[in-house]
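What follows is calculated from the coordinates using simple rules that are stated; it is not laboratory data. From a predicted model like this one, the values you see are computed outputs, not experimental measurements. Every residue, glycine among them, receives a Cβ derived from its backbone with ideal geometry; neighbour counts consider all protein chains shown.
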Amino acid sequence: MSIVSAIVLYAVTWFMTMFVALPIGLRTQGDDGVIVEGTHAGAPNNYNPRRKAVIVTLVAFVIWGIMVGVIYSGVFSWHDVDWTARLPKVGDT
């Protein structure tokens, strides 16, 4: 895996982790009963983007590390996910 592939894999992992983590622990203004005039009741009341980004970065790094470990271990290869059977055999390169 090249460095660019590793960075792209981490970026995809980070964004997917962020989308999963965004609603976790979110309290809306409607939940707390304190609705600021001109905002929707579903607007977040306790959103801290810095804290959420730090947590997501740490969790994404762990997930990314596991994925890189699986890729380098050779447990899975492209031949395992080749549903069309068009890839040449490993020894035929």
Helix 3-21 sits at what angle to the longest principal axis of the chain, using alpha carbons and giving 0 to 90 degrees rounded to 10?
40 degrees
Is it possible to state the helix-based mean residue ellipticity at 222 nm for the chain, with each DSSP H run of 4+ residues giving -39500 (n - 2.57), the sum divided by total residues, to the nearest 500 deg cm²/dmol? What is it?
-17000 deg cm²/dmol
Give the order of Thr39, Thr84 when sorted by the count of other beta carbons within 10 angstrom, beginning with the fewest.
Thr84, Thr39
With a Förster distance of 22 angstrom and the Cβ-Cβ distance between Val36 and Leu58, calculated FRET efficiency to the nearest 0.05 equals 0.10
So, with +1 on the Cβ of K and R and -1 on the Cβ of D and E, and no other charges, what is the size of the charge dipole of the stretch 3-92 about its Cα centre, to the nearest 20 debye?
180 debye
I'd like the distance between the alpha-carbon centres of the stretch 23-49 and the stretch 50-93, rounded to an integer number of Å.
37 Å
Can you give the relative contact order of the chain as a percent, counting alpha carbon pairs under 8 Å and 6+ residues apart?
28 percent
Read-out mean projected area of the Cα convex hull in nm², candidates (1) 9.6; (2) 10.3; (3) 12.7; calculated match is (1)
Would you kindly state the longest site-free stretch of the chain, with sites defined as chymotrypsin sites (Phe, Trp or Tyr not before Pro) in a DSSP loop (not H, G, I, E, B) surrounded by at most 12 other Cβ atoms within 10 Å?
1-75
Acute angle (nearest 10 degrees) that the helix 49-73 long axis makes with the longest principal axis of the chain, alpha-carbon atoms
10 degrees
